[in-house]
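**Q** If you scroll down you'll find the structure; I have some questions about it.
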Amino acid sequence: MAEVLDYEKKEAEGSSGIDFRMVWSIVVLNWYWFIVSAVACIGLAALYLRYQAPVYQTSTKILIKDDKSKPNGADLTLDQLGIISNSNGFENELEILGSTAVATRAVKSLKLYVTYNIEGRVREAELYKNSPVLVDLEESRLDLLNNPVPIEITKKGDESITVEIQLPTNSDEPEIMKRDIDQFPASINTRVGQILFSRNPGTELPERKLTAVIVPPIKMGRAYAKSLNAQATSKQTSVAMLSILDTQPERALDYLAQLVSSYNEDANEDKNEIAEKTKDFIDERIQVIQGELDDAEGRIEGYKLTNQLVNLPTDANAALTQSTEFQKQQVDIQTQLSLVQSLLDYVQNPANCLTIIPANIGISNQASNKMVDEYNALILKRNRLIRSSSEDSPAVIQATEEAQLMWSAISQQLRGIYRDLNIQKNSIDKQYDRYVGRMNSTPTQERAMNDMGRQQQIKAQLYLMLAERREENYISLASTANKARIIDMPQVDGQVSPKSKLILLAALILGLGLPLALFYLREMLRFRIESRGDLEKATRLPIVADIPLTDKLAEGERAIVVKENKNNMMEEAFRGLRTNLRFLLGPGEKVICCTSTVPGEGKTFVSTNLAMSLALLGKRVIIVGLDIRKPRLVKLFNLPSSKHGITVYLAGDQADFDLLDEQIIHGVVNPNLDVLPAGIIPPNPGELITRDLLDKAIEHFKETYDYIILDTPPIGLVSDTFELARLIDITFFVVRSEHSTKADVETLNRASAENKFPKMNIVFNGVDLKKKKYGFYYGYGKYSGYSKYGTYYGRYGHYGTYGNYGDASSKVHVEK
């Protein structure tokens, strides 16, 4: 019962998934493999860290300015009216910072599209700013380059080199060009363009090979844009943190600084586009107004010459004063009408749709001016989105729809303003005509001069206003502020990879885990029983003895390893079996069955030596050979060949005990040990052992002997042993280390579950104490004399040597 409970406890522990006892045994028995594996993995990790290029993180912090002006008073912007929304403006700027277009601009400025590597003992080393030879491609052909162009540079003389240019082709093989360069600067004309070579001051030509690669700027820009990390420091500010990973920290510092500069240049170009459009519009209007002003002044001059007028008398009446006041208002209204009409003509031209509208040209209506400014800002935003994406992107489509909506709104607003100005002009003209009517007495010349002077004044005032706007526009072009400002200068945050401590720790874990996993997997995949632990896991049957493995016997030497007056490992093992046997047998129980599952497990070896051990105790013992199909006892005890055996008795018609006693060989090896061999192999062994003559023979032996040991056939091949269960008091199943399989033990479990045999126990045979897994057996490791006995099981216990069961299953198992 204790053994069963112990088995169930172990089975419950094993069901958790990991057998910690097995793990501990693996570690203890194979510790040196763990040390070797850990040292090897750590060495490989150190070698990797030695030759792996370190990667550094570089970062900078910038402030992105918001160009939107806050409305005051009752002035409403399009954001407040809900027509457009720019709540994601900061996020859009971050996207522009990480766009390929801005990155490519920075790459071109720093010439990062050319990489340099110098040959090393194990790997190539990358160079930045310290390459002895600088390589470049003419600027006009950079954007036409589609594939990288590798260039190998080797030293020829003190200041001369040999270059090998690998030009890309449509096939897999590049076109090779070799040239010698004796002085710098130099250039070589190729299919991809003119390649320029120059010396880097302060450096010497290396003895090792130098490799330069000209990469298409757009590809290099795409790589840098992908590696850039741009994110806001918080939701309440417009401060962005830019970071990038690079193997060259100095190159990363330069790139981040140039990226901000390129971003500002790109944003300023957008801003200046409005000013340039306004400048062109004002210049065009000034030329037109100047011509009209010249015509008005010419008419006045011609009129005076024709009428010989030098100085007309001044009419100082009140009518003239009032008419003059309204005349000023007419001038102002006419000026606004001209400006609105000009701007309306520009807006109504379909060719100008989705382009910048001239701003700040002198129109007094503030609402119109604000709408034009917001429209221009939206067009700039759309143009920048197109450069960083495509016209089919949702953001560009939304900006286009908003711009078209605003274009119609501006056109409609200008027409309304023009109508309002005409209404005001008509009212002023009526007032002016009313006062002019009072001047009927004024000479015709005076009235004509006033008309021509008024036209001249209108043109002159318009000309001066446009000239003033043009100067303001020039000032705006010259004083454009940067959109982004660096708050924290670019700095190296430190090395981010490879992480030395993490890699070494992972190598240590791998070095310890790999052998553990391999040994554990090996243990899990084993199908043979190799140790007592394996056997304990496979069955709940009690294990009553562990029989050590013996050495090979000399020819003719008996396989009886239990000797009188000896105290070695083998005797101790069988003494232990003998002791357990006496505790297991009840009163009047004498019949002991020794069997196994398959041939070769050593059942005959165990039965004979157990019999010898009992005989040395002074007990009368008989061993009966009931393995009739393959008799083994005669050969085992080195007895002379004869026709004696139990089959002679079983073949009779009645119980003849005198005949039975004649078949017994008395005093074999020991006076207390008798042997009853199997005898002649009959044609019907299965039927013989079922006869009641065998039952009577066993009862007869019980009167004479203290112990009756039955050597029976393996239960996995024939059913003879099952038939003998009626005679047995206790059953010993022999399981041999590294021979018996887990499937064989499962056969024993099924037999136990079905109560096929009484008092089933296991004798674990063939334990090799030289192997580390058996080093825990008490006392066995001390006795060097234990190894003198032969490895008997392979010679006498193998059923393929002496006899054959004759059935197909036996042959198959032996072959396996």
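The values are calculated or read from the model by the stated rules, or taken from the named source; none is laboratory data. No experiment lies behind these values; they were computed from the predicted model shown. Because the Cβ atoms are built from the backbone with ideal geometry, glycine has one as well, and the counts that use them run over all protein chains shown. Side chains included, ligands, DNA and RNA excluded: accessible areas come from the protein's heavy atoms. Shrake-Rupley method; radii C 1.70, N 1.55, O 1.52, S 1.80 Å.
**Q** In Å², and per residue, what accessible area does region 328-430 have when probed at 1.4 Å with the other protein chains present? Kindly include the intermediate steps, with their values, before the conclusion.
**A** Details: 4810 Å² over 103 residues.
So region 328-430 comes to 47 Å² accessible per residue, rounded to a whole number.
**Q** Shifting gears a bit: State the three equivalent ellipsoid semi-axes of region 672-735, derived from the C-alpha gyration tensor as the square roots of 5 times its eigenvalues, in descending order and whole Å. Please list the in-between numbers first.
**A** On the way: eigenvalues 74, 48, 31 Å².
Whole-Å semi-axes of the equivalent ellipsoid: 19, 15, 12.
**Q** Given just the C-alpha atoms of region 222-282, how large is their convex hull per residue in cubic angstrom? Write out the running numbers ahead of the final one.
**A** Values: hull volume 7.0 nm³, N = 61.
With only Cα atoms used, region 222-282 gives 115 Å³ per residue.
**Q** Turning to a different aspect of this structure: Starting from the Cα of LYS328, draw a straight line to each of the aspartates and glutamates and keep only those under 15 Å, dropping any in the same chain fewer than 8 residues away.
**A** ASP429, ASP433, ASP451
**Q** Right, something else. In terms of the ratio Rg/(2.2 N^0.38 Å) built on C-alpha atoms, what value belongs to region 335-395? Spell out each step's value before the answer.
**A** Details: Rg = 13.9 Å, N = 61, 2.2 N^0.38 = 10.5 Å.
Scaled against compact globular proteins, the figure is 1.32.
**Q** I'd like to compare 632-640, 578-586: which one has the highest average count of other Cβ atoms within 10 Å, and what's the full order after that?
**A** On the way: 632-640: 18.1, 578-586: 14.4.
For the peptides 632-640, 578-586, the packing ranking is 632-640, 578-586.
**Q** A follow-up question, please. State, to one decimal in nm, how far the label point of GLU687 lies from the label point of LEU29, with both points 7 Å from Cα in the Cβ direction.
**A** If labels sit at GLU687 and LEU29, their model points lie 5.0 nm apart.
**Q** How much length is gained if the chain between GLU754 and GLN398 is pulled fully straight, taking 0.36 nm per residue apart and subtracting their Cα-Cα distance, in nm to one decimal?
**A** Values: separation 356, 0.36 × 356 = 128.16 nm, distance 8.20 nm.
Here the segment from GLU754 to GLN398 would lengthen by 120.0 nm.
**Q** I'd like the Karplus ³J(HN,Hα) series for region 356-363: coefficients 6.51, -1.76, 1.60, θ = phi - 60°, whole numbers in Hz, and an x wherever there's a Gly or Pro.
**A** Result, rounded to whole Hz: 5, 8, x, 10, 6, 9, x, 5.
**Q** Could I ask something else about it? Determine ³J(HN,Hα), in whole Hz, for all residues of region 692-707 in sequence, where each value follows from phi through the Karplus function 6.51 cos²θ - 1.76 cosθ + 1.60 and θ = phi - 60°; x replaces Gly and Pro.
**A** Result, rounded to whole Hz: 6, 4, 5, 4, 5, 5, 5, 5, 5, 5, 5, 6, 10, 10, 7, 9.
**Q** Over the Cα atoms of region 566-698, what is the Rg over Rh ratio if Rh follows Kirkwood? Intermediate values should be presented prior to the final figure.
**A** Numbers: Rg = 15.2 Å, Rh = 15.8 Å.
Expressed as Rg/Rh, it is 0.96.
**Q** Could you sort 680-691, 493-504 so that the peptide with the highest average Cβ count within 10 Å comes first and the rest follow in order? Kindly include the intermediate steps, with their values, before the conclusion.
**A** Working: 680-691: 15.0, 493-504: 13.0.
Highest mean packing first, the order is 680-691, 493-504.
**Q** What distance in nm separates the simple spin-label points at LYS696 and ASP280, each placed 7 Å from Cα in the Cβ direction?
**A** Each label point is offset 7 Å from its Cα along the Cβ direction, giving 13.3 nm.
**Q** Then there is this: State the volume of the convex hull built on the alpha-carbon positions of region 152-270, expressed per residue in Å³ and rounded to an integer. Intermediate values should be presented prior to the final figure.
**A** Details: hull volume 22.7 nm³, N = 119.
In region 152-270, the Cα hull volume divided by residue count equals 191 Å³.
**Q** Give me P(r) over region 501-587, computed from all C-alpha to C-alpha distances, binned every 10 Å, as integer percentages.
**A** Result, from short to long distances: 12, 24, 25, 19, 12, 7, 2, 0 percent.
**Q** When Lys and Arg each count +1 and Asp and Glu each count -1, what net charge do the other residues less than 11 Å away from ASP294, Cβ to Cβ, add up to? Spell out each step's value before the answer.
**A** On the way: positive: ARG299, LYS459; negative: GLU292, ASP295, GLU297, GLU301.
Surrounding charge for ASP294 is -2.
**Q** Could you go through region 133-146 in sequence order and give the Karplus-derived ³J(HN,Hα) for each residue, using 6.51 cos²θ - 1.76 cosθ + 1.60 with θ = phi - 60°, rounded to whole Hz, and x for Gly and Pro?
**A** So the J values, rounded to whole Hz, are 10, 9, 10, 8, 10, 3, 4, 5, 9, 5, 6, 8, 6, 10.
**Q** State, to one decimal in nm, how far the label point of ASP706 lies from the label point of ASN349, with both points 7 Å from Cα in the Cβ direction.
**A** 13.1 nm
**Q** Among LYS219/LYS501; LYS111/LYS279; LYS219/LYS370; LYS370/LYS425; LYS61/LYS279, which pairs are too far apart, with a Cα-Cα distance over 32 Å? Write down the numbers at each step before the final one.
**A** Working: LYS219/LYS501 34 Å; LYS111/LYS279 35 Å; LYS219/LYS370 41 Å; LYS370/LYS425 24 Å; LYS61/LYS279 36 Å.
Beyond 32 Å: LYS219/LYS501; LYS111/LYS279; LYS219/LYS370; LYS61/LYS279.
**Q** What full-extension length gain, to one decimal in nm, is calculated for ASP420 and ARG141 as 0.36 nm per residue of separation minus the Cα-Cα distance?
**A** Working: separation 279, 0.36 × 279 = 100.44 nm, distance 5.69 nm.
Answer, rounded to one decimal: 94.8 nm.
**Q** Next question, about the same structure. Set the Förster distance to 22 Å, then compute FRET efficiency between SER427 and THR324 from the Cβ-Cβ distance, nearest 0.05. Before the final figure, lay out each step's value.
**A** On the way: r = 17 Å, r/R0 = 0.78.
Computed FRET efficiency for SER427 and THR324 comes out at 0.80.
**Q** Going 7 Å from the Cα of THR190 toward and past its Cβ, which residues in region 111-125 have a backbone nitrogen under 20 Å from where you end up?
**A** 111-119
**Q** Still on this model: Which cross-chain or sequence-distant (5 or more) residues have an amide H under 5 Å from the amide H of VAL55, H modelled 1.01 Å from N in plane?
**A** VAL496, SER497
**Q** Run a plain Debye calculation on region 127-181 (Cα atoms as equal point scatterers, no solvent) and give log10 I(q)/I(0) at q = 0.22, 0.28, 0.30, 0.31 Å⁻¹, rounded to two decimals, same order as the q list.
**A** Each listed q maps to, in turn, -1.02, -1.20, -1.22, -1.24.
**Q** So, by mean Cβ neighbours within 10 angstrom, what's the order for 458-465, 103-110 with the highest one leading? It would help to have the intermediate numbers written out before the result.
**A** Details: 458-465: 18.2, 103-110: 21.6.
The densest-packed peptide leads the list: 103-110, 458-465.
**Q** Show me the GluC sites (Glu not before Pro) within region 549-631 that DSSP assigns to loop and that have at most 10 other Cβ atoms within 10 Å of their Cβ.
**A** On the way: sites: GLU555, GLU557, GLU564, GLU571, GLU572, GLU589, GLU601; in loops: GLU555, GLU557, GLU564, GLU589, GLU601.
Counting only loop positions with at most 10 other Cβ atoms within 10 Å, the GluC sites (Glu not before Pro) in region 549-631 are GLU555, GLU564.
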